Ligand SMILES: Cc1cc2nc3c(=O)[nH]c(=O)nc-3n(C[C@H](O)[C@H](O)[C@H](O)COP(=O)(O)OP(=O)(O)OC[C@H]3O[C@@H](n4cnc5c(N)ncnc54)[C@H](O)[C@@H]3O)c2cc1C
């Protein structure tokens, strides 16, 4: 289980800003945008184990 | 000539009374002596009238129809709304008929992914929510209004024109027997979402309307489910949308779902299509029982408000002032807080006991509340009906996560309507001393109810008007405290003195109601030391509090709350 690190308000703000990012990227480029975003966040997290955990959690229930 | 529908509306469970039109005295040349006219006998107009009458203001209610709401519409009343109805003296039939509840459950791909438990404190008399159809809400309010000697409910009378000058408002009213003019001092516009008053005055609301409609259908069905709010995301027959199920009194169930993309409202309401979907929903809740349809309609979500609720001698309340999404039950619940805020102020102004400027605080406080609600409810609306592809993908990502992860689950919370805090209100005073309190109820917030016995609560004992909660603690009913309470009895407007003491003593002549707080539980909740006081407005919002205070300070705070004294100018 991924620990909850952010407050609800922070999660909501992240939800909004990513939603708007997807819209700004446009339908054609949204996958590229999301891959870049995930990679940049992985670098900011700075922990390969946590990145692997997030990948695994995100693959569930697609 | 206004000819309202005179046949009772049809319903499989509610019997509509058709109220008679009565020719008003103004049509025979008599002048009216009502200080205020309320347009609209919806829930908000009726509670406005009942509250004005409670404060001694004679008023007339104009209603274009001869009967109450068509369909169940505003279904869920919050605890705060029940408290407002209790103060208005009308809560009993609501409790007898309504269904109280506190749990919401959210399902995704057949699995329960989120349980929302609305907080319920043992010190609260009412549960977080009470479900009751709008026909009953209005019926109970009509009964109370018609029984009040200061209220004249006029059925089948439609406002068709209005004109105001510095002194009066002149209303043009159309009736089954023709038109007449009605002159009054104040107009309360409670004429709903399509407000005729708003249109006649050329006022526009600001904010946004969301695309996409929702179907609401009320069915009678013998479902074996508790009173909860059920929410299903992404059902296979309506991908990407959601379905809500609510229990109503009389064996009725509310089904609510997004109109599928590419479908019009008319198509969504086609009987065969609707019937097939009702069956699918019943399948989804696991109980394919027979059903009968009562009422169906389509609505859409908006977050719109007027920028100002008071224009000259006209004050807007309820849907006439703002249109809010029903997610989080904003409609009627927000309106009830409007009329609770307006009534005491308008009463003081009409009685010449407060300046007209007091009404500006109604507008400032409630417009701010509406804007805050628009912001919050906008978030729920964006989750329920993602406005763009980006929001849609993020919503689906969160739903997918909820099947295995907990961290994003609170994004499914429903952000229920709650009392707004008037923290920055011009009616609050002594803010500089507020640091003396380590907690408690801050100026602008509503006071907390307290359990006094098994079926006995603080709010059961509040009289109409301002309240002074005086925390005597161990102080005796003598000396400075007694002097202050004696003087408070003669202040204007009236201050109801509630003394909260550790042990029984003789407070006769000093208190209107005495509470024995043996363990100091109430004092702790209010963070009050012996000798502390809370001055509470008639709508139960705190306007000043002190750990120690003088008669002059109390008088000053009362003046600030009534707009007759300036904050700081003591
Ligand atoms: C179809 C529908 C479904 C809804 N569903 C929900 C829901 O599920 N949950 C929820 O919380 N809210 C819901 N609402 C909103 C809720 O009903 C309103 O928020 C609530 O009724 C507001 O009360 P009100 O008194 O301000 O206005 P209303 O209840 O609209 O009352 C206005 C009254 O004014 C009268 N009137 C209008 N013009 C004139 C005139 N010119 N002269 C005289 N009288 C006039 C009308 O006949 C009416 O009786 C729904 C609304 C609609 C329309």
Cα long-axis angle, helix B:134-147 against chain B (0 to 90 degrees, to the nearest 10): 40 degrees
Which order do peptides B:529-535, B:264-270, B:505-511 fall in by mean Cβ count within 10 Å, highest first? B:529-535, B:505-511, B:264-270
Please find the FRET efficiency linking residue A:53 to residue B:237, where r is the Cβ-Cβ separation and R0 is fixed at 56 Å, and quote it to the nearest 0.05. 0.95
Placing one equal point scatterer on each C-alpha of segment B:394-492 and summing with Debye, one gets log10 I(q)/I(0) at q = 0.23, 0.24, 0.25 Å⁻¹ equal to -1.37, -1.38, -1.39
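Counting only helical runs of four or more DSSP H residues, what would the 222 nm mean residue ellipticity of the protein assembly as shown come to if each run contributes -39,500 (n - 2.57) and the total is spread over all its residues?
My calculation for the protein assembly as shown gives -10000 deg cm²/dmol from helical runs alone.
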Can you tell me the 0 to 90 degree angle between the C-alpha axis of helix B:331-350 and the longest principal axis of chain B, rounded to 10? 30 degrees
Report, in degrees rounded to the nearest 10, the 0 to 90 angle that the Cα long axis of helix B:358-384 makes with the longest principal axis of chain B. 30 degrees
Per residue of B:379-390, how many C-beta atoms from partner chains lie within 10 Å of its own C-beta, taken as a mean? 3
Need the full-extension length gain, residue B:521 to residue B:165, defined as separation in residues times 0.36 nm minus the C-alpha distance. One decimal, nm. 122.9 nm
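Mind ordering B:43-53, A:26-36, B:302-312 by average Cβ neighbours within 10 Å, highest first?
Put in order of decreasing packing, that is B:43-53, B:302-312, A:26-36.
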So what's the gap between the Cα centers of segment B:79-99 and segment B:336-414, to the nearest angstrom? 22 Å
Mind giving me the FRET efficiency for residue B:112 and residue B:529? R0 is 35 Å, r the Cβ-Cβ distance, nearest 0.05 is fine. 0.15
Apply the Debye scattering formula to segment B:45-116, with a single equal point scatterer on each alpha-carbon and no solvent, then give log10 I(q)/I(0) at q = 0.11, 0.12, 0.25, 0.28 Å⁻¹. -0.46, -0.53, -1.24, -1.28
Based on the Cβ-Cβ distance of residue B:480 and residue B:513, what FRET efficiency does E = 1/(1 + (r/R0)^6) give at R0 = 25 Å, to the nearest 0.05? 0.75
Quickly work out the residue A:62-to-residue B:389 label distance, labels modelled 7 Å from Cα along the C-beta direction, and quote it in nm with one decimal. 1.9 nm
Looking at chain B, I'd like the Rg to Rh ratio, where Rg is from alpha-carbon atoms and Rh is Kirkwood's inverse mean 1/r. 0.98
Across peptide A:3-10, what mean number of C-beta atoms from other chains lies inside 10 Å of a residue's C-beta? 2
Computed over chain B: relative contact order in percent, which uses C-alpha pairs under 8 Å that are six or more apart: 14 percent
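Looking only at other chains, what is the average number of their beta-carbon atoms within 10 angstrom of each beta-carbon in B:13-24?
Numbers: counts 0, 0, 0, 0, 0, 0, 0, 0, 0, 0, 0, 0.
What the average comes to for B:13-24 is 0.
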Semi-axes (Å, rounded, descending) of the ellipsoid equivalent to the protein assembly as shown per its C-alpha gyration tensor are 43, 35, 23
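Using per-residue counts of other Cβ atoms within 10 Å, averaged over each peptide, order B:334-346, B:390-402 from highest down.
Packing order, densest peptide first, comes out as B:334-346, B:390-402.
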Stretchable slack from residue B:297 to residue B:147, in nm (0.36 nm times residue separation minus alpha-carbon distance): 50.7 nm
Against the rule of thumb 2.2 N^0.38 Å, how large the Cα Rg of segment B:151-221 comes out: 1.53
Mean 1/r over all different Cα pairs, inverted: what Kirkwood radius does segment A:8-59 give, in Å? 12.1 Å
Largest-first ellipsoid semi-axes for segment B:214-299, taking √(5λ) over the Cα gyration tensor eigenvalues, angstrom: 19, 14, 12
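Over segment B:214-299, what is the mean sequence separation of C-alpha contacts under 8 Å (at least six apart), divided by residue count, expressed as relative contact order in percent?
Numbers: 141 pairs, mean separation 36.2, N = 86.
About 42 percent, as a whole number.
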Convert 20 °C to kelvin, take the viscosity as 1.002 mPa s, use the Kirkwood radius over C-alpha pairs of segment B:84-239 as Rh, and evaluate the Stokes-Einstein diffusion coefficient in µm²/s, rounded to a whole number. 104 µm²/s
Multiply the residue gap between residue B:272 and residue B:448 by 0.36 nm, knock off their C-alpha separation, and tell me the result in nm, one decimal place. 58.4 nm
List the pair-distance distribution P(r) of segment B:431-561, using every Cα-Cα distance, as the percent of pairs falling in each 10 Å bin from 0 up to the bin containing the longest distance, rounded to whole percents. 13, 50, 35, 3
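Values in this text are rule-based calculations from the coordinates and carry no lab data. This structure is a prediction, so every number in the text was calculated from the model and none was measured. Please note: Cβ atoms are built from the backbone with ideal geometry, for glycine as well, and neighbour counts cover all protein chains shown.
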